[in-house]
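Okay, structure first, notes after.
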Amino acid sequence: MPEGPEVHREADKIRNAIGDQSPIYLYFYHDHLKPFESDLAGKQVENVEAYGKGLVISFEDDYHIYSHNQLYGKWYIKPAGDYPKTNRELRLEIRTDRKSALLYSASDIDVMDEVSLHEHPYLSKLGPDLLKGVQPETIAERTVDDQFRRKSFASLLLNQGFLSGVGNYLRTEILYDARIHPKKRPMDLSDEAIETFSKSALTITGRSYETGGLTTPDDLSMKLKSEGKKRCDYRHFLFGRDNKPCHICGNIIQKTKMSGRRIYICESCQEK
């Protein structure tokens, strides 16, 4: 499933393709959304914004298309009227004179006004989005909240109400960068460790957005790349690298499952 950085990058490319333009054609796969095809045609796209792992395309006159890619959804940008070669099923098309924004395979799509948008069961419960100017202090404050402080970081970082946009790979990489074992809870950490965690959450998420998916710093990724390493070995510190050595200490990386999802740990760098 795409995480916050990927969805923000999708929002960027959709905004660049159809932002401030008036679509000449719309297509919705779901029957209950068909009436909006004519309602939205000719209405200017005013904004395209990511909300955690969700995305909202806003039109004039208070129309908003909400979508969530879930596991299989994927956006494509193509010249107007063109379609990608894919076995996926088209669920949404927004076509202007020049470009088409095409969403395939997503199951969660709706059209709402602003009031309904703020009351949406997913959007209304989101925590701070790490790619929207959040400060470390805001993250630190959430770790002392009674609804979060007693939960393990392994479960906490999959809770979109804690920090939105974080998923499987960001969870592993943030905790490694902060040198925190996934079984630990916020209440187990010192103020200094919480500060480190808060900064790591912003650094790793921001780096992934800026680089298109890399969570390792430039000096390390460039070094590994120059040594002939494949992208799968220099993209992340730990994620997807089970049974391989940690880039920092050389200890063998372990893969396990916590809160129902795979997670990777360096037991040397992330002591219990």
Margin query: Taking the conditions exactly as written (in the same structural domain as L163 (by TED's automatic domain parsing) and surrounded by 13 or more Cβ atoms within 10 Å (Cβ to Cβ)), does C246 satisfy them or not?
Written below: yes
Note to self: For G240, only one of the following conditions fails: (1) of a type outside the set (A, V, I, L, M, F, W, C); (2) surrounded by fewer than 21 Cβ atoms within 10 Å (Cβ to Cβ); (3) in a helix (DSSP H, G or I). What is its number?
What the structure shows: (3)
Check: In the stretch 249-272, which residue that is outside the structural domain of T211 (by TED's automatic domain parsing) and exposed (fewer than 13 other Cβ atoms within 10 Å of the Cβ) is modelled with the lowest pLDDT?
Finding: K272
Check: Out of all the residues in the stretch 163-175, is one or more of a type in the set (D, E) and in contact with a helix residue (DSSP H, G or I) (Cβ under 7 Å, 6 or more places away or on another chain)?
Finding: yes
Margin query: Please list, ordered by residue number, the helices (runs of 4 or more DSSP H) wholly in the stretch 78-179 having 3 or more residues that are surrounded by 15 or more Cβ atoms within 10 Å (Cβ to Cβ).
Written below: 136-143, 153-156, 168-177
Notebook entry, point to check: Restricting the search to the stretch 212-234, which residues are hydroxyl-bearing (S, T, Y), closer than 24 Å to E10 by Cβ and in a helix (DSSP H, G or I)?
Noted result: S221, Y234
Next item on the list: Kindly provide the set of residues from the stretch 202-240 that are closer than 25 Å to T138 by Cα and basic (K, R), ordered by number.
Entry: R207
Note to self: I'd like to check something: does the stretch 3-16 contain any residue that is touching a Lys or Arg at 6+ places or on another chain (Cβ under 8 Å), modelled with pLDDT of 95 or more and part of a strand (DSSP E or B)?
What the structure shows: no
Next item on the list: Provide a single number: the residues in the stretch 45-73 that are at pLDDT below 95 and either surrounded by fewer than 18 Cβ atoms within 10 Å (Cβ to Cβ) or not assigned by TED's automatic domain parsing to the domain that holds V115 (or both).
Entry: 3
Next item on the list: Please identify the pairs in which a residue from the stretch 137-166 that is in the same structural domain as A178 (by TED's automatic domain parsing) and charged (D, E, K, R) has its Cβ atom under 7 Å from the Cβ atom of a residue that is at pLDDT 95 or above and not in a helix (DSSP H, G or I), counting only partners at least 6 apart or on another chain.
Entry: R142/G127; R142/F148; R142/F162; R149/R185; R150/R185; K151/R185
Item checked: Test: residue in the stretch 221-231 that is crowded, with 17+ Cβ neighbours inside 10 Å, in the same structural domain as F153 (by TED's automatic domain parsing) and closer than 26 Å to L189 by Cβ -> no
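The values are calculated or read from the model by the stated rules, or taken from the named source; none is laboratory data. It should be emphasised that the depicted structure is a prediction, and the values quoted were computed from it without experimental measurement. Positions of Cβ are generated from backbone atoms using ideal geometry, with glycine treated the same way; all protein chains shown enter the neighbour counts.
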